[in-house]
Amino acid sequence: IKKYGEVMVWALKKARKSTFKKGEVVRVAYEIPGLPLAEAVFTALVKEGYNPVTKATETAAMERAFYEHGSDDQLKFIPAGTKELNDNLNGSIFIIAPESLTHLAGIKPTKISTAMVARKPFRDILWRREEKGAFSWTLCLMATPANSSSSKMSVKEYEKQIIKACFLDKKDPVAEWEKIYVKSGEIKTWLNKMNINLLHIESAKCDLKITLGEKRKWLGCSGHNIPSFEIFTSPDWRGTEGIYFANLPSYRTGNYIEDVRLEFKKGKAVSVKAGKGDAFVKEMLKSDKTANQIGEFSLTDKRFSRIDKFMAETLYDENFGGKNGNCHVAVGSAYTDAYTGKPADLTPAMKKSLGFNDSSLHWDLVNTEDKRVTATLKDGSKTVIYEKGMFRV
């Protein structure tokens, strides 16, 4: 736990574009079962000279009551002080430790999307602060009976997966993360020098073409999220064509989702189907006008990731290594960090003209099939950049 806390503070500092200063404000948000790690993170932050602000999130019963009985006005309610805190927040560490993964089953998706849309302006404050280098964030996970049983593991087995994935079994986990940071940096440099115009993703059930877009760069292993092995970008949503299939299940706001199939035409998902959770998926992709457009494309190299089991948590599943590595797309909002200029200089009009999607939704959908990713360069030549779960660098 102590090592884990130190890794999280390292990640938060790594994720920031500018250097943290003593006295800056860092929120430690946690679900109740994550309290032991929250205490370790709190201690590490105090030792660094920062001012931690703690926030325990709603319990599963509270969250169920909120969506089941809340009126529209209650769903849209924002507590006093939220804007003021976000205007002055310098960092945020969130500890995922769910009591339940299915407690919102049966709740109308429109109620969830109403609350999500109402909170978007306050999340946007933090995005803008991050673009200016005044804020950073990171996430991590603790084992609970809920996520363990949903993955068909005991709590002890699930804990072992977390320990392995985060290098907590090593003498110096931070040093291991520094190595991953350097190696992923080499891959990003290789990709960013390639002048890619188009990506073609081919697997047993995927045949998808993605236009990278102008003024784009690849990101990854920046400290955002622990663990994080993915190399990703936010493409021009308008150039998305073909079929994408997410063979890895996922849980989202208490709903179990399986076998999502999306067909894109002219950048929009015109056909949306799921083997399980079909109605929920369709409703989520209608939560606003741009929720059915992509905001991210990502690849994970199996040589880096030690994750080899379904974890029932996107933070881990989007970094799945296993036999074939993985790719994922996110429907919804883009990461403006993928802009080659200064993200803080991006106006809404510039984002629109460059094809950076803006939405209240950001939902990662993961494919772990054996796949080939071919890049068409701006000079018309083609090269395979990813095959058999590895980058071809």
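The values are calculated or read from the model by the stated rules, or taken from the named source; none is laboratory data. These numbers come from a predicted model, not from an experiment. Glycine gets a Cβ as well: all are built from the backbone with ideal geometry, and neighbour counts include every protein chain shown. Accessible surface is based on the protein model in full, side chains and every heavy atom, while ligands, DNA and RNA are left aside. Shrake-Rupley method; radii C 1.70, N 1.55, O 1.52, S 1.80 Å.
Per-residue SASA remark: MET284, around 0 Å² accessible (1.4 Å probe; ligands, DNA and RNA not included).
Per-residue accessible area (protein heavy atoms, 1.4 Å probe) orders ARG27, ARG64 as ARG64, ARG27, starting from the largest.
Measuring between their Cα centroids, the range 121-193 and the range 297-333 lie 11 Å from each other. Residues whose amide H comes within less than 5 Å of that of THR57, counting only those at least five positions distant or on another chain, are TYR30, GLU31, ILE32 (H built at 1.01 Å from N in the peptide plane).
Each principal axis of the range 1-120 carries a Cα extent, and these read 43, 30, 21 Å when sorted largest first. Across the protein chains, with a 1.4 Å probe defining accessible surface, the residues LYS217, LYS171 rank LYS171, LYS217 from largest area downward. The heavy atoms of ASP345 offer some 90 square angstrom of accessible surface to a 1.4 angstrom probe. With a 1.4 Å probe rolled over the protein heavy atoms of all chains, the accessible area of ARG392, ARG238 falls in the order ARG392, ARG238, largest first. On the chain, 53 percent of the accessible area sits on carbon and sulfur atoms, based on a 1.4 Å probe. Our compactness index for the range 236-393, the C-alpha radius of gyration over the empirical 2.2 N^0.38 Å, is 1.06.
Restricted to Cα atoms, the range 147-291 shows a radius of gyration and a Dmax of 18.3, 50 angstrom.
A 1.4 Å probe run over the protein chains yields, for the chain, 44 Å² of accessible area per residue, whole-number rounding.
Note on the chain: antiparallel DSSP beta bridges, both residues inside, total approximately 75 percent of the bridges counted. As a ratio to 2.2 N^0.38 Å, the alpha-carbon radius of gyration computed for the range 37-177 takes the value 1.24.
The Rg/Rh ratio of the chain, with Rg taken over Cα atoms and Rh as the Kirkwood radius over Cα pairs, comes to 0.93. Spin-label point model (7 Å from Cα, Cβ direction): what's the ARG238 to VAL270 distance in nm? Each label point lies 7 Å from its Cα, and together they span 1.7 nm.
The stretch between GLU186 and LYS164, if pulled fully straight at 0.36 nm per residue, gains 5.6 nm over its current Cα-Cα span.
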